[in-house]
Amino acid sequence: MMIAGFFAIAVFNVVEINFWIFSTFRRRVGLYFWSLLISSWGIIFHAVGFLLKFFQVCNNEYVNVGLIIVGWFAMVTGQSIVLYSRLHLIVEDARKIRWVLGLIVVDFFLFHIPSTALNFGANSSNPNPFITPFAVYEKIQITAFSTQEFIISALYIWEARKMLKSLPNVKREEARNVMIHLIFVNILIILMDITLLGTEYANLYSIETTYKSFLYSIKLKLEFAILNRLRNLVKSRHQSTLSHISSGARNAPIPYFATRSANPQFGDRPGHNSRIFLSQISSNRTS
């Protein structure tokens with residue numbers, strides 16, 4: 001009953017997330033859009049694979065494991081890419097952003113690939129040589145991916161905390177609310193990952209695997225909501241400042257980001273020309 005409940009909630013959340021995605025994005029392009037979409041559908045594949053396996057709906061273990069692996073790749077790494085794709089909105093140092101991308105790529109090859117081979121082996125016609133290594137590596141990979149998410153969430157928390165100290169006076173309360181929301185969401189994500197680690201180290205395999213789909217659907221909903229609030233806040237301040245500059249306010253300071261490529265579209269890939277920082281927005285002064 002618990003497995004079925006986790007499955008039902010995960011699928012419902014994915015349907016809701018996809019409704020939000022297609023009703024929110026005007027331009028269906030870019031890393032943010034595709035990582036959200038792929039990550040959400042990865043949850044479905046992962047949940048369906050375990051449903052077929054545990055309820056013996058499909059007796060072909062290679063089909064079940066194939067669905068699980070595809071979903072696991074998209075769900076876990078896809079969600080880290082979602083966070084990475086909006087990191088440029090709050091992190092000023094481009095080296096940190098590149099470091100996060102490097103971490104995601106390295107972890108993909110170190111922990112997805114070996115675990116995939118062991119998983120297929122443990123579900124083959126001769127599973128005995130693979131069962132113990134798979135059980136050990138399962139704990140290693142889930143710890144590694146949880147640590148990866150801890151690091152990215154901690155980076156959001158740290159940068160948001162620094163930004164709170166240097167927010168401009170214009171709409172300060174609105175910006176402060178978004179930053180505090182961002183901090184609390186990432187703290188909650190860390191706490192949820194800790195509960196997932198608890199089920200794994202308690203050797204509750206059937207609960208852990210289905211709880212994971214449920215948990216990632218919740219995390220994706222939280223991330224989608226706060227990253228959109230953050231992006232909208234940055235965009236509104238960017239447009240407001242540009243409008244004030246173009247109106248002929250001679251004494252208004254020109255913010256740093258106004259010299260960059262202006263007005264990135266919803267879903268644009270993070271890059272040097274689309275980087276906007278709240279901390280560099282100054283209060284407008286009329287002439």
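The values are calculated or read from the model by the stated rules, or taken from the named source; none is laboratory data. Everything quoted here is computed from the prediction, not taken from an experiment. Because the Cβ atoms are built from the backbone with ideal geometry, glycine has one as well, and the counts that use them run over all protein chains shown.
Tell me yes or no: at least one residue of region 39-54 is of a type in the set (A, V, I, L, M, F, W, C), in contact with a Cys (Cβ under 9 Å, 6 or more places away or on another chain) and farther than 17 Å from LEU227 by Cβ. Show your work before the answer.
Initially, region 39-54 is screened for residues of a type in the set (A, V, I, L, M, F, W, C), giving 41, 43-45, 47-48, 50-52, 54.
Checking which are in contact with a Cys (Cβ under 9 Å, 6 or more places away or on another chain) leaves us with 52.
Okay, now just the ones that are also farther than 17 Å from LEU227 by Cβ, so 52.
Checked against the condition, which is being of a type in the set (A, V, I, L, M, F, W, C), in contact with a Cys (Cβ under 9 Å, 6 or more places away or on another chain) and farther than 17 Å from LEU227 by Cβ, region 39-54 yields at least one hit.
For (1) modelled with pLDDT of 85 or more; (2) more than 24 Å from the chain's Cα centre (by Cα), each residue gets a yes or a no:
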{"residue": "ASN169", "(1), (2)": "no, yes"}
{"residue": "PHE184", "(1), (2)": "yes, no"}
{"residue": "LEU191", "(1), (2)": "yes, no"}
{"residue": "ILE194", "(1), (2)": "yes, no"}
{"residue": "SER206", "(1), (2)": "yes, yes"}
{"residue": "THR209", "(1), (2)": "yes, no"}
{"residue": "SER213", "(1), (2)": "yes, no"}
{"residue": "SER217", "(1), (2)": "yes, no"}
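Do we find that PHE19 is out of contact with any Cys (no Cβ under 8 Å at 6 or more places or on another chain) and either of a type in the set (Gly, Ala, Ser) or in contact (Cβ under 8 Å) with a residue 24 or more places away in the chain (or both) in this structure?
Values: out of contact with any Cys (no Cβ under 8 Å at 6 or more places or on another chain): yes; either of a type in the set (Gly, Ala, Ser) or in contact (Cβ under 8 Å) with a residue 24 or more places away in the chain (or both): no.
No; evaluated as a whole, the condition is false for this residue.
Just the residues that are surrounded by fewer than 12 Cβ atoms within 10 Å (Cβ to Cβ) and of a type in the set (A, V, I, L, M), please, taken from region 198-215.
ALA202
Which helices (runs of 4 or more DSSP H) sit wholly inside region 58-109 and have at least 1 residues that are acidic (Asp, Glu) and either at pLDDT 95 or above or surrounded by 21 or more Cβ atoms within 10 Å (Cβ to Cβ) (or both)? Please lay out each step first, then the result.
Numbers: elements: 61-72, 78-85, 94-107.
Helices (runs of 4 or more DSSP H) meeting the threshold: 94-107.
Quick one: in region 110-144, of everything that is of a type in the set (Phe, Trp, Tyr) and within 17 Å of PHE50 (Cβ to Cβ), which residue is surrounded by the most Cβ atoms within 10 Å (Cβ to Cβ)?
Step one: list which residues in region 110-144 are of a type in the set (Phe, Trp, Tyr), which gives 111, 120, 130, 134, 137.
Okay, now just the ones that are also within 17 Å of PHE50 (Cβ to Cβ), so 120, 134.
Values: PHE120: 17, PHE134: 19.
Restricting to residues being of a type in the set (Phe, Trp, Tyr) and within 17 Å of PHE50 (Cβ to Cβ), the top hit is PHE134.
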